[in-house]
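Take a look at the structure set out below.
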Amino acid sequence: MLSGDGYREALTDYGLTTGDFGDDVDAMDEILQTGITQNYNMSISGGGEAGTYRAGFSYFDQDGIIKNSNLKRYTANLSGSYKFLNSKRIGLEWNLITSFTKEQAPPISTNAGFEGSLIGQALQWNPTHKLYEADGSPVIIPAFGNTSINPLAMLDAYHDNSSTVDLLGSISPYVKITDALTYKFAYSLTHGVGDRRAYLNSWINIAGITGNGVAGINTDKSTNQILTHSLSYLADITNGINLNAVAGYEYQKLTESGFGVNTSGFPLEAFDYTNILQSGKNTTNNSIQPYHNPDAYLQSFFVRANFNIQDKYLLTGTFRADGSSKFGSDNQYGYFPAVGAAWNIHNEDFLSDGMFNTLKLRLGWGKTGNSEFPSGASQERYSVGYNGTNHTAALDNVANPGLKWETTTNLNAGIDFAILDYKVSGTLEYFNKSTEDLLFQNPTIQPAPASTYWINLPGKVINTGVELSLNTTLVDNESLTWDFGGNVTFLKNELQDYTGANIEYGEVFGQGSSGATIQKLVNGKPLNSFYTRHFLGIGDDGQGMYEGGAAETQDFRGDANPDMLLGLSTGLSAGKLGFVMNFNGAFGGLVYNNTKMSVIPISNLGTRNIDASLVGNAKQEASSNPIKSSDRFLEKGDYLKLANATVSYNLGKLGNNVKNVKIYLTGQNLLVFTKYSGFDPEVNTVNVRNGLPSTGIEYIPYPSARSVVAGANFSF
């Protein structure tokens, strides 16, 4: 971004006589803070031959790197394991975890309009305009006729607080029928209740909010119950052949409901509007939104058997039959087999020379199912309302009794090895993953009685790749140990046999971007492919030029998927001192910089801040050049990050009571090596358009944090 002095120079270069207010401020720096995180854990455990217990408590308090962002969590847990009778053949395991979480969220959104949310407002703020009045209050520019919103004022005006209570409990009695055969019953319950209260004061200079204010309260409740019966068998069938088998039945019920009330038009400028929702005057904006998703039921039968033959030949077979109420009445059950085999070659007589500590060949094939989509999606569903005169009912979702499980077939083959007394070890693996009958919320072709219906897309997504990992011990003696390892994965993604509709997704936001999309599903191309204009440069008139001339034709311009993933790690140990460092990286993918495109374009000059790289070019871009999505804003997303590094010192025992004392200092997200000009090449903004989530599109995200953690572990 331009500094105040840089902004003044740009105004002069463009011959603009307004827009210089004489100051030099950094709005982004003003909304940032050094967030302090505190994390304390304490546990007590004990027991004897008949049983054990454990009790624990933790407190977590984290400030975000944006002001007014904080999360606090209190967690307590109790667990135990007991055996009964002299034979100890009857046992009981139980666990109880409860947590209370409070969160304060800043006004950051990844689908805001041209006025942006907090990050966009900070980027856009004119760096020559002061942020504070003489009395210390944030500057407010009148809403009408000016779209500059002081991010510090936004922080003061916006209030968003939520709290959740979560309870997880389980109990598992079991009986050892024989030494080899065990029956186990398990019941678990997860229950969560959440409450969110948010409001925006009426004094903020946002059109539609000034003089009104908005507020809302939303609650959500979720209960998940799982009941499992299992019968396990573990024994040596004959000399050299071991069998480990499990058969079972599982039943699951998920219930979700919620309620929301939102309104606007409050009589007071500065007040907690969530306490006076009944006083909202703007009745046309009132909204009451209760919901109760149909209960989701899942019934499963499963069996698994592992054979170990002389520690040379390992065979695994698994079969699951899963029935879900989410699917259409014709296809509620999915059937998912899997088989695997491994050969421990190093245990064969012909490798008895001991060159290999480990040499194993592996081969596996299996199917898995996906049912992670809303319950009731296959059913005919209605919404009921009131239009001021009559009650109404409208079809929301078209029924699809043929809706079925999304299925993924995995094939993998690999080899594991270790030599030189395990000082060198590694893995080479090939994988092929094919996903078909993809679950998709398809928009109906209007006019139609409903806006959406769920289908299985006609096509499949193929992911193939090769992964290589290698770990070595470079030094190993009494005074020093040094390990180094790495892994690299080569990936390929493609949509095959697709005969469905022309589906565009990957929505971009901000000024000049209304309704625009830059990604598209097309047979023979990868998922997350960018489909947009080709930018040819700036013409002599200062306007952008695009392939196709006036027609501005669109085509595929690459995709967001990396071709290669890389991980590197190293560790040193010298006496009581230890050091560990881990890198990760991705290469070959593209990132679309929506922030640069529509938040800080050249047309802002004179009112708001702009991208510094737009000025001082040999061919100057006209401030009237319209904002258009194109591959001009596609950048290489290659990066290598120092993900974390830790220095530790083992003090051992202190006095007679304190033991196992270890202190450490950890840095996370310490360095990033990249040519990407945006916030972070690991994009963390996701938006959904036409039922598909975007990938690789960055738009004014919550910035990634670099953190330094100091800690201590000890027991007594």
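The values are calculated or read from the model by the stated rules, or taken from the named source; none is laboratory data. Just so it is clear, the model here is predicted, and its values are computed rather than measured. Glycine gets a Cβ as well: all are built from the backbone with ideal geometry, and neighbour counts include every protein chain shown.
Here are some notes:
- Scope segment 72-121; condition among the hydroxyl-bearing types (Ser, Thr, Tyr), part of a strand (DSSP E or B) and closer than 30 Å to residue 593 by Cα; matching residues: none
- Within segment 205-243, considering residues that are surrounded by fewer than 14 Cβ atoms within 10 Å (Cβ to Cβ) and closer than 30 Å to residue 309 by Cα, the one modelled with the highest pLDDT: 229
- Among the residues of segment 686-716, those that are in a loop (DSSP other than H, G, I, E, B) and either in contact with a helix residue (DSSP H, G or I) (Cβ under 8 Å, 6 or more places away or on another chain) or among the hydrophobic types (A, V, I, L, M, F, W, C) (or both) comprise 686, 699, 700, 701, 702, 703, 705, 716.
- Among the residues of segment 56-71, those that are assigned to a strand (DSSP E or B), surrounded by 16 or more Cβ atoms within 10 Å (Cβ to Cβ) and in contact (Cβ under 8 Å) with a residue 24 or more places away in the chain comprise 62, 63, 66, 70, 71.
- Looking only at residues of segment 133-164 that are loosely packed, with under 14 Cβ neighbours inside 10 Å and either under 26 Å from residue 511 (Cα atoms) or within 32 Å of the chain's Cα centre (by Cα) (or both), we find that the one that is modelled with the lowest pLDDT is 144.
- The set of residues in segment 507-516 being buried (at least 20 other Cβ atoms within 10 Å of the Cβ) and touching a Lys or Arg at 6+ places or on another chain (Cβ under 8 Å) consists of 507 alone.
- Positions within segment 388-436 being touching a strand residue (DSSP E or B) at 6+ places or on another chain (Cβ under 7 Å), outside any strand (DSSP E or B) and either free of Cβ contacts under 8 Å to residues at least 40 places away in the same chain or on the phi < 0 side of the Ramachandran plot (or both), in sequence order: 400, 403, 404, 405, 423
- Restricting the first member to segment 351-370 and to residues that are closer than 30 Å to residue 404 by Cβ, and the second to residues that are at pLDDT below 95 and assigned to a strand (DSSP E or B), the beta-carbon pairs closer than 7 Å and six or more apart or on different chains are 370/439.
- Tabulated pairs, segment 155-184, first within 23 Å of residue 81 (Cα to Cα), second of a type in the set (Asp, Glu) and assigned to a strand (DSSP E or B), C-beta under 6 angstrom, 6+ apart or interchain: 172/93
- Criterion (at pLDDT 95 or above and either farther than 30 Å from residue 222 by Cα or touching a Gly at 6+ places or on another chain (Cβ under 6 Å) (or both)) met by exactly one of 333, 297, 291: 333
- Hits in segment 697-716 (condition: touching a Phe, Trp or Tyr at 6+ places or on another chain (Cβ under 6 Å) and under 26 Å from residue 31 (Cβ atoms)): 697, 699, 701, 703
- Filtered residues of segment 604-618 (kept if within 12 Å of residue 11 (Cα to Cα) and not polar (S, T, N, Q)): 605, 606, 608, 610, 615, 616
- Pair list, Cβ < 8 Å and 6+ apart or interchain, from segment 437-458 residues that are on the phi > 0 side of the Ramachandran plot to residues that are at pLDDT 85 or above and surrounded by 17 or more Cβ atoms within 10 Å (Cβ to Cβ): 437/404; 437/405; 437/406; 437/407; 437/456; 437/457
- As a summary of the residue check, residue 471 satisfies the conditions (1) among the polar types (S, T, N, Q); (2) under 24 Å from residue 599 (Cβ atoms); (3) more than 24 Å from the chain's Cα centre (by Cα); (4) in a strand (DSSP E or B) except for the one numbered (2).
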